[in-house]
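Heads up: the structure comes next, in structure tokens.
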4 protein chains.
Amino acid sequence: MASQFGTLFRIATFGESHGGAVGVVVDGCPPRLAISRDEIQFDLDRRRPGQSRLTTPRQEDDQVEILSGVFEGRTLGTSIGLVVRNKDARPSSYEDFKDVFRPSHADYTTEAKYGIRNWQGGGRASARETIGRVAAAAIARKILKEAAGIEVLGWVQSVHDIEADVDRDRVTLEQVEAQDTRCPDAAAATAMEEAIDAARERGDSLGGTVECVARGVPAGLGEPVFEKLEADFAQGLMSLPAAKGFEVGSGFAGTRMTGLEHNDPFVPGEGGRPRTTSNYSGGIQGGISNGERIDLRVAFKPTATIRSAQNTVNRAGEAVVLEARGRHDPCVLPRAVPMVEAMVCLTLCDHWLRQRAVDVLPR
Amino acid sequence: MASQFGTLFRIATFGESHGGAVGVVVDGCPPRLAISRDEIQFDLDRRRPGQSRLTTPRQEDDQVEILSGVFEGRTLGTSIGLVVRNKDARPSSYEDFKDVFRPSHADYTTEAKYGIRNWQGGGRASARETIGRVAAAAIARKILKEAAGIEVLGWVQSVHDIEADVDRDRVTLEQVEAQDTRCPDAAAATAMEEAIDAARERGDSLGGTVECVARGVPAGLGEPVFEKLEADFAQGLMSLPAAKGFEVGSGFAGTRMTGLEHNDPFVPGEGGRPRTTSNYSGGIQGGISNGERIDLRVAFKPTATIRSAQNTVNRAGEAVVLEARGRHDPCVLPRAVPMVEAMVCLTLCDHWLRQRAVDVLPR
Amino acid sequence: MASQFGTLFRIATFGESHGGAVGVVVDGCPPRLAISRDEIQFDLDRRRPGQSRLTTPRQEDDQVEILSGVFEGRTLGTSIGLVVRNKDARPSSYEDFKDVFRPSHADYTTEAKYGIRNWQGGGRASARETIGRVAAAAIARKILKEAAGIEVLGWVQSVHDIEADVDRDRVTLEQVEAQDTRCPDAAAATAMEEAIDAARERGDSLGGTVECVARGVPAGLGEPVFEKLEADFAQGLMSLPAAKGFEVGSGFAGTRMTGLEHNDPFVPGEGGRPRTTSNYSGGIQGGISNGERIDLRVAFKPTATIRSAQNTVNRAGEAVVLEARGRHDPCVLPRAVPMVEAMVCLTLCDHWLRQRAVDVLPR
Amino acid sequence: MASQFGTLFRIATFGESHGGAVGVVVDGCPPRLAISRDEIQFDLDRRRPGQSRLTTPRQEDDQVEILSGVFEGRTLGTSIGLVVRNKDARPSSYEDFKDVFRPSHADYTTEAKYGIRNWQGGGRASARETIGRVAAAAIARKILKEAAGIEVLGWVQSVHDIEADVDRDRVTLEQVEAQDTRCPDAAAATAMEEAIDAARERGDSLGGTVECVARGVPAGLGEPVFEKLEADFAQGLMSLPAAKGFEVGSGFAGTRMTGLEHNDPFVPGEGGRPRTTSNYSGGIQGGISNGERIDLRVAFKPTATIRSAQNTVNRAGEAVVLEARGRHDPCVLPRAVPMVEAMVCLTLCDHWLRQRAVDVLPR
């Protein structure tokens, strides 16, 4: 469905950028999980605008409220309602867009699909829609950590043509969060900041890539055909605003290798468990995790909202020139990191629960 | 679910590479569609091995039988059962793999997940699994063509480091099928054939990319949040065997453009319909089609089965050297084309039907 | 999923009886439907306690707030968030039940399933859970009325051994709402009131049946196999608290008829449309509506919460005597009427939209 | 979807009564279950016509073939394809129905929904459609027995006005199968046989009820809101051909009891587990199993196909008189027993697996 994600750990989100509230209903969360409002708020704070000069100056408090499903600090096993009120709405700043289709935005396609549109902001196409995902994923992340020992960590790998050098096995949350850009390579981070500042000054915007790893994933998660682990990651990550590409393991670069170069040789590991000496597979073989680190990559286009004048058309079908104002990110990459992690957490938690319902007979 | 794909136009596939049969149940197909066994067989013939010297010499007849859901040449609206018997099984040629995990195959992950494995071939991880998808998609393709005027066409865009030059607006099925490689750029096709021959001779394999376009898609298909059109394409395409990456429109290259360069300006088109002067969006904005050509790209890794000796482990956890025999493709790209088209057809048909159930009130 | 209902018109509910709020996310609602908060509130007011002396004296305001999905009085086509704050919570009055399993309540089964329980009220097993259903169904009802000309109407058909005499073709909402019991047969209504009063006085409770009709349903809604229209009605209605039985058309009484008596003869109707001269089928044949009035019936057990002393056990497994206090309905039937209508509206709206996605090729 | 049932243990069926084959794809079956073709065939033999003079004389072999998903006698965990060829088709005997709508059949509603109909038999509305359900349920039954110690048993409780007296705790499969009627009360069985014979002779038909118990169900299966255990049973059972009513526990009779009479008192049981001294709840409280015997009841209308002349209309909208020939059951009840058991097994197996994915954190 349009606003639902997952099979067993399943979420339904709602909320426009400028309506009354955004939120999520989490269904299928296991009971007895200790979870606090603060743990959910932590990831929301990483997602929200106004964290640094690199992001939009809109100040959104984004304080989450738990409406149901948690009792005396533990989940009940029933549906969890989470809501975040919209506060800093300035619909008037969107009056310009009421009858004009912003290029490479969802204005025209929303109108084409629905014949109606909440022009006071981006509606469901706003990045604000991701609040529900991030809030729900904070719960999924806790399950993965507590019950399965899985850690999910993302970072900004590139901005425009600036590429970072990051050790996927050792990079930490602290290193990522130490940089406004969420790029843990300090030198690259500095260059990225400069590039973003320059883009903002000239009324332009930049794109880039986010990498994300999942460490500690046991072998056996995922399905062999349509719901391959990489297929569900791809769906989740390509559903993020501005995503244009997805890779697992070697990705597109792998197409320029030969089979002999690309195959990951197995060697005996601890306890007889097969391990690989390379990881071009990105931790997934045939749709199922192999126990190695999962490596994912997402491409985000440069932000569509820019201050420069652009040619476009209005609802009457006439050519017009648009000069956007409003408050927007010149580069979504730093804020995209918690969104990427969110979709990875939701997908992994779902598949981890699903495997519990598969492996029920004695081995 | 593991073996199901789609929401309204929904398929459930079954079958191992060396069991009794492979097949599919198609649910949600509109009634009164004229469809013949030959139309389904046409795409299966494009998918099967043994078409040319470029593919595995296994001769699989892959004759499809319609078991239900079609009456006097038209669909009944009820579930359609399609089955293809497995004929050319030589389980003995797989004896070598019974206790050995082939590198970068699904042998180990299948064993880890299920604790059991049909070692006589690749089980569900075999490319033979895609027969059900391709058969079902032939029906979806017919609906798209007849009822919506949509055409889906894929081709081999690159093999290893050989890249084709193809006009996405004008390329035809005939041009694609005229080449054993399914690369419509004749010069690139020749180079690809030579590279594939060379790889086979030295016991190695090659990967590459498939591009796919959908022409004639109306604006308004797709969903704004999780089931964005590109997200569902990504899931479908990343569920194909050997897929490692997915792009829509500008893809990863788009991350190196600025917003000003990347935004697709709108201009007034025929009948007042907004058109874009560039197509970095790939025909989708905010998860919803904008009426332009849809551009997709999939990366396929080099075939994991190679004839060269490789280090691996057996089920007992011991290091062994594997020298694979059997009959396999040195390059899956030519046969991947109908598989890519199949997932695009299934996804588009599903969203086209879904939009019929959304747009029900007067505009 | 636990808290989700429907395929295309799909809802996800949340909320315990004594948590922060109850609510619902409605996904798949067609765009451009005119809907006001008052229209949703109307059905909620019919559902809430404290309407008359026949129902629990708890005063619940149950004011619904629209959080998203509606703009300038019309639906956007995107997910609609509805929330009702919990106000009149007196957790202390539930202290008695903290460690005691009330007979024929969900206390023990909740504990068995989840190992945790919100003992401050009935949790998700509370009738308060139905607020989300009723709110969402008010929207479904509007679609059915506006777009399809379908009217759904329920009433109390029996309380204990008092059976009403109601004309299914002519009974009106006004006649139903004119009675505190929601039984439109005035004589039976009076007898029911007396019986309910007597039961309350002696600390006991009563059950009964609700009948519901859908008038104006076109032929062709429903599916031929698992999602037969009557099967989906049955699931929806048997998911209501306290439901113990379901009938369509002749129901159990039909088992004592012969085929010759039970078959509904067809006769030519207006415009050549086949009509039936009897309606033992209840408007559905082979899972699909036949254009006649749909007749449904639901059995509700007597309320489990009674004031009389009862034998039970506590969480330690010891025998104890329970004397319930708290504020409860001696008979849920009057309030069950809008709940029954809600599930019928949700099911019909879903199938009506689904049929739009089936009937897409020229006839 | 139309032809799919279940969430984790999920089936997709196909096949008309007179097409090439009927069958089913079973998705989500746990791996390593020992299952043989004979175990599946056993239940199919109970379902098929021609078992005794009480059922239609059509001789259907109904030999099931396993096409995939089972290897060396054990399930692989991947999708299982099962198919049964249609053999005894005599389309000519249906020529009479080509343009005539049989009263209380699905002929007219199928035509209304789809605008096309396989008139050679009942299409998907034929009882032959249930072959796929019964075949799949034989696997579910084995899981329930082997892994959970659950036994599902049904029998004919009434035919027309003849009611059986059966001990729900002690009745056995042998007692049921010893009677052609599948009514384990020998005296009632004899009376039922005479009534069925008499109905056949006069060209009429009879209905009745099937009861079904599930013994050994652990407490904790089911969901608290929409997918209550009784709601999913109701959907499954009301999706059987000719079903008109459903009851759990006290059912409709429970509406004539008071709360004091109806509540099931808890007493301490073995190991401190709460047990009830009565079972009006039918083993389910608040949608979740309570560890007591599950009691279900389904009403089946008298067979619609009768030999007597009936008034009806044809496709041209003209009044005609129909005198059906063909070979049909004067009473479906005996053959309905394995169908009822099938839906109960499928539902219970699904919920048993689902609970495995819920109860994952330490208690």
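So here's what we get for this one:
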quantity	calculated
Value in Å of the Kirkwood radius, where the protein assembly as shown supplies the Cα pairs that are averaged	32.5 Å
Using alpha carbons only: equivalent-ellipsoid semi-axes of segment B:140-272, gyration tensor based, whole Å	30, 19, 17
Unit charges at the beta carbon, dipole of chain C: most positive-side option, C:GLY291, C:ILE11, C:PHE266	C:ILE11
Semi-axis lengths (Å, descending) of the ellipsoid that matches the C-alpha gyration tensor of segment B:6-161	31, 18, 15
Accessible area per residue, Å², the protein assembly as shown with all protein chains present, probe 1.4 Å	29 Å²
Share of pairwise Cα separations in segment A:197-290, more than 20 Å, in percent	50 percent
Surface accessible to a 1.4 Å probe, A:LEU240 within the full protein complex, Å²	0 Å²
With eigenvalues of the C-alpha gyration tensor scaled by 5 and rooted, segment A:128-218, Å	28, 17, 9
Translational D in µm²/s for segment D:283-363 (Stokes-Einstein at 10 °C, 1.306 mPa s, Kirkwood Rh from C-alpha pairs)	92 µm²/s
Student exercise, the protein assembly as shown dipole from Lys, Arg, Asp, Glu Cβ charges, in Debye to nearest 20	0 debye
Average partner coverage of C:278-286, which counts Cβ from other chains inside 10 Å	5
Exposure ranking of B:THR276, A:THR109 by accessible area [1.4 Å probe, largest first]	B:THR276, A:THR109
Cβ charges +1 (Lys, Arg) and -1 (Asp, Glu), total dipole of segment C:126-274, debye	540 debye
Peptide D:212-219, shielding by other chains (average Cβ, 10 Å cutoff)	1
Degrees between helix A:37-47 axis and first principal axis of chain A (Cα, 0 to 90, nearest 10)	60 degrees
For segment C:97-106, Karplus couplings with θ = phi - 60° (6.51, -1.76, 1.60), whole Hz, Gly/Pro x	8, 4, 10, 10, 8, 5, x, 6, 9, 8
For B:ARG32, inter-copy label distances in nm, listed shortest first [label point 7 Å out on the Cα-Cβ vector]	2.3, 5.3, 5.7
Exam field: B:GLU72 pseudo-label spacings to other copies (7 Å along Cα-Cβ), nanometres	5.1, 5.1, 6.9
Nearest beta-carbon to the A/D symmetry axis - residue in chain A, distance in Å	A:ALA357, 2
Neighbouring partner chain Cβ atoms per residue of B:292-301, average, 10 Å criterion	3
Of all accessible heavy-atom area on chain B, the percent that carbon and sulfur account for (1.4 Å)	47 percent
Set of lysines with alpha-carbon distance to A:LYS113 below 26 Å, sequence-local pairs under 8 removed	A:LYS98, A:LYS244, A:LYS301, B:LYS142, B:LYS145, B:LYS228, C:LYS142, C:LYS145
³J(HN,Hα), Karplus 6.51/-1.76/1.60, whole Hz, each residue of segment B:258-268, x for Gly, Pro	9, x, 5, 6, 8, 4, 8, x, 8, 9, x
Nearest-ten-degree value, helix D:229-238 long axis tilted from longest Cα axis of chain D	10 degrees
Copy-to-copy label separations for C:ASP96, where each label sits 7 Å from Cα toward Cβ, in nm and ascending	6.6, 6.7, 7.8
Accessible area, probe 1.4 Å, largest first, for residues B:LYS145, C:LYS113	B:LYS145, C:LYS113
Calculated diffusion of segment A:182-339, Stokes-Einstein form, Kirkwood radius summed over Cα pairs, 20 °C and 1.002 mPa s, µm²/s	116 µm²/s
Cα-based helix-to-principal-axis angle, B:186-201 vs chain B, degrees rounded to 10	20 degrees
With all protein chains modelled, accessible area of D:SER52 [1.4 Å, Å²]	20 Å²
A/C buried area, accessible surface, summed, 1.4 Å probe, Å²	3500 Å²
Rounded to the nearest 10 Å², the accessible area of C:TRP352 at probe 1.4 Å	20 Å²
Whole-percent pair-distance distribution, where bins are 10 Å wide, for the alpha carbons of segment D:4-358	5, 24, 32, 25, 12, 3, 0
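The values are calculated or read from the model by the stated rules, or taken from the named source; none is laboratory data. Source: prediction; values computed, not measured. Cβ: placed from backbone, ideal geometry, glycine included. Neighbour counts: every protein chain shown. All accessible areas refer to the heavy atoms of the entire protein, side chains included, with ligands and DNA or RNA removed. Shrake-Rupley method; radii C 1.70, N 1.55, O 1.52, S 1.80 Å.
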